[in-house]
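The values are calculated or read from the model by the stated rules, or taken from the named source; none is laboratory data. All figures in this text were calculated on a predicted structure; none of them were measured in a lab. Here the Cβ positions follow ideal geometry from the backbone for every residue, glycine too, while neighbour counts run over all protein chains shown. We work out accessible area using only protein heavy atoms, side chains counted, and drop any ligands, DNA or RNA first. Shrake-Rupley method; radii C 1.70, N 1.55, O 1.52, S 1.80 Å.
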Amino acid sequence: DQQAVCLAALSNSARFKDLNEKTASAWMQGADEALATNASTLAIKPIYELLGPEGILERFRAKGYAVEGP
């Protein structure tokens, strides 16, 4: 898996970890704002970022959103 190899190579970089966390936080903040202000919202993310115990859908559930997952 090419993506896994690239992420593994970068995972030891503190700068990459910080940037990745900031990007994820900004995306969630933007999604929260869009959901709060718009009648409908569409966001596209890779499936591997959506699913799993640390995934985006689980983070939305933890914030109290009703999530209809796959």
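Here are a few things to note about the model shown:
- Residue within region 8-24 that is open to solvent by less than 100 Å² (accessible area, probe 1.4 Å), in contact with a Leu (Cβ under 9 Å, 6 or more places away or on another chain) and among the acidic types (Asp, Glu) present: no
- Scanning region 1-51 for residues being assigned to a helix (DSSP H, G or I), in contact with a helix residue (DSSP H, G or I) (Cβ under 8 Å, 6 or more places away or on another chain) and charged (D, E, K, R) gives a total of 1.
- Each residue in region 53-70 was checked for being surrounded by 11 or more Cβ atoms within 10 Å (Cβ to Cβ), free of Cβ contacts under 8 Å to residues at least 12 places away in the same chain and not in a helix (DSSP H, G or I), and 2 pass.
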